[in-house]
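To keep things clear, I will list the structure first and then write my remarks on it.
The values are calculated or read from the model by the stated rules, or taken from the named source; none is laboratory data. Here the structure is a predicted model, which means the values were calculated and not measured. As a convention, Cβ positions derive from the backbone with ideal geometry for all residues, glycine included, and neighbour counts pool all protein chains shown.
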Amino acid sequence: MKLPAAATDTAALDKLHGTSKVVLVPTMGSLHAGHLSLVRQARQLADADGAVVCVSIFVNPLQFGPTEDYDTYPHQLDADRQALASLADTCFAPPVTVLYPTAQEIFVTAPRLGGELCGQHRPGFFTGVLTVVLKLFQLVRPAVAIFGEKDWQQLVLVRQLVRQLHLPVTIVAMPTIREADGLACSSRNTLLNAANRDKAPLLHEQLVATAAAIARGEAVTGTCAAARDSLNQVGFAVDYLECRQASDLESWPGGATQFVVVGAARLGQVRLIDNEPGPPPAA
Ligand code: AMP
């Protein structure tokens, strides 16, 4: 079992540069099956191209609000490095002072979409995300970076970041990996108490039912409102549950354009997000 090289400072990344291309999987650690599917895809792409795989593990303080769970976010670096054995070449897990050596005064300001959906409930979140993603791209210099569709809004915004700032990196998206009962794998799932863990799959069930109803032609506003009500009635506190255009999360014009139903809801202190894409447009 070959553990990935541990890199905590930027000098340690120098070995990655120059000789081969890098495929990067950015994460906040506490790795689960969803992360590992991204890393396996990275390994496959890297092996086909003589590239190396770097997994970054960094819980980014800039994307957490003052009342959010930065202090309780799970950490398990040793177990993460074991999980990456034989899959990743380098595990870049810098301390905060490496990514933020001085107070951050320059930011990647998220566009309008960054203030909607998750951004409406987590002010500054996407500016924090885009700023750290740009830092990671600058430090690791990947040719390819892999992101999960579970965080659909993040994926859309990262694609915009790459396009608008002409970043020389290809973004690859991977589908959401779920537990056997349909709950999307998430590092935060371990923070659910037993009763809420039992309830948690209902979020995805409602997203699936909503996507199916919209695909059948039922009215979008009423269907989404009914889904929000059902979840609130069983103990979720729904932040949003909406149908948007899949490609860019603008409002869905209807018709054959692909949509995605996106949702976020809190169960106790734990915030869950998930989505369900509608049927792809007929070819
Ligand atoms: P995080 O550690 O939550 O920041 O996630 C790191 C990357 O893994 C992001 O690109 C996420 O979209 C992706 N990811 C998280 N959960 C899943 C999942 N259940 N299935 C697939 N990808 C995921």
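Here are Ser37, Ser30: which of them is within 19 Å of the chain's Cα centre (by Cα), part of a loop (DSSP other than H, G, I, E, B) and either modelled with pLDDT under 95 or within 16 Å of the ligand (Cβ to nearest atom) (or both)?
Ser30
Assess whether Glu250 counts as being at pLDDT 95 or above, acidic (Asp, Glu) and either touching a Pro at 6+ places or on another chain (Cβ under 6 Å) or crowded, with 19+ Cβ neighbours inside 10 Å (or both).
Here the answer is no, as Glu250 does not meet what is asked.
Quick test of your reading of the structure: Val59 fulfils all but one of (1) within 28 Å of Gly119 (Cβ to Cβ); (2) more than 9 Å from the ligand (Cβ to nearest atom). Name the failing condition by number.
So the condition that Val59 fails would be (2).
Any residue in the stretch 100-116 that's more than 24 Å from Thr10 (Cβ to Cβ): show its pairings with residues that are aromatic (Phe, Trp, Tyr) and surrounded by 10 or more Cβ atoms within 10 Å (Cβ to Cβ) at Cβ separation under 6 Å, as long as the two are six or more apart or on different chains.
Listed pairs, sorted by first residue: Ala110/Phe126; Gly114/Phe126.
Which residues, taken from the stretch 48-61, are of a type in the set (A, V, I, L, M) and either crowded, with 17+ Cβ neighbours inside 10 Å or on the phi > 0 side of the Ramachandran plot (or both)?
Within the stretch 48-61, Ala51, Val52, Val53, Val55, Ile57, Val59 meet the criteria.
Go through the stretch 270-282 and give me each residue that's surrounded by 13 or more Cβ atoms within 10 Å (Cβ to Cβ) and either touching a Leu at 6+ places or on another chain (Cβ under 9 Å) or in a loop (DSSP other than H, G, I, E, B) (or both).
If the condition is that a residue be surrounded by 13 or more Cβ atoms within 10 Å (Cβ to Cβ) and either touching a Leu at 6+ places or on another chain (Cβ under 9 Å) or in a loop (DSSP other than H, G, I, E, B) (or both), then Val270, Leu272, Ile273, Asp274, Asn275, Glu276, Gly278 are the ones that fit.
Looking for whichever is away from the ligand (no atom under 13 Å from the Cβ), on the phi < 0 side of the Ramachandran plot and touching a Ser or Thr at 6+ places or on another chain (Cβ under 9 Å) here; the options are Thr170, Thr190, Thr210. Which one fits?
Values: Thr170 fails: touching a Ser or Thr at 6+ places or on another chain (Cβ under 9 Å); Thr190 fails: away from the ligand (no atom under 13 Å from the Cβ).
After ruling out the rest, the residue left standing is Thr210.
Tell me which residues, restricted to the stretch 124-139, are within 13 Å of the ligand (Cβ to nearest atom) and among the small types (Gly, Ala, Ser).
Gly128
Please go through the stretch 96-114 and give me each residue that is small (Gly, Ala, Ser) and buried (at least 16 other Cβ atoms within 10 Å of the Cβ), ordered by number. Before the answer, list the steps.
Residues of the stretch 96-114 that are small (Gly, Ala, Ser), as a first pass: 103, 110, 114.
Passing the criteria: Ala110, Gly114.
If Ala12 satisfies every condition in (1) within 29 Å of Thr72 (Cβ to Cβ); (2) at pLDDT 85 or above; (3) not acidic (Asp, Glu) but one, which is the exception?
Of (1) within 29 Å of Thr72 (Cβ to Cβ); (2) at pLDDT 85 or above; (3) not acidic (Asp, Glu), only one is false for Ala12: (2).
Select from the stretch 62-106 the residues that are of a type in the set (Val, Ile, Thr) and either under 22 Å from the mean Cα position of the chain (by Cα) or on the phi > 0 side of the Ramachandran plot (or both) and list them in ascending order.
From the stretch 62-106, those of a type in the set (Val, Ile, Thr) are 67, 72, 90, 96-98, 102, 106; that's our starting set.
Correct list: Thr67, Thr72, Thr90, Val96.
Would you point out which residue out of Asp47, Asp69 is within 13 Å of the ligand (Cβ to nearest atom) and among the acidic types (Asp, Glu)? If you could, list the steps in order and put the result at the bottom.
On the way: Asp47 fails: within 13 Å of the ligand (Cβ to nearest atom).
Among Asp47, Asp69, only Asp69 is within 13 Å of the ligand (Cβ to nearest atom) and among the acidic types (Asp, Glu).
Looking at (1) touching a helix residue (DSSP H, G or I) at 6+ places or on another chain (Cβ under 6 Å); (2) buried (at least 21 other Cβ atoms within 10 Å of the Cβ), can you tell me which one Val238 breaks?
For Val238, the failing item is (2).
What pairs come up if the first residue lies in the stretch 140-157 and is within 11 Å of Leu117 (Cβ to Cβ) and within 13 Å of the ligand (Cβ to nearest atom), the second is part of a helix (DSSP H, G or I) and among the small types (Gly, Ala, Ser), and their beta carbons are under 9 Å apart, counting only those six or more places apart or on different chains?
Correct list of pairs: Gln153/Gly114; Gln153/Gly119; Leu157/Gly114; Leu157/Gly119.
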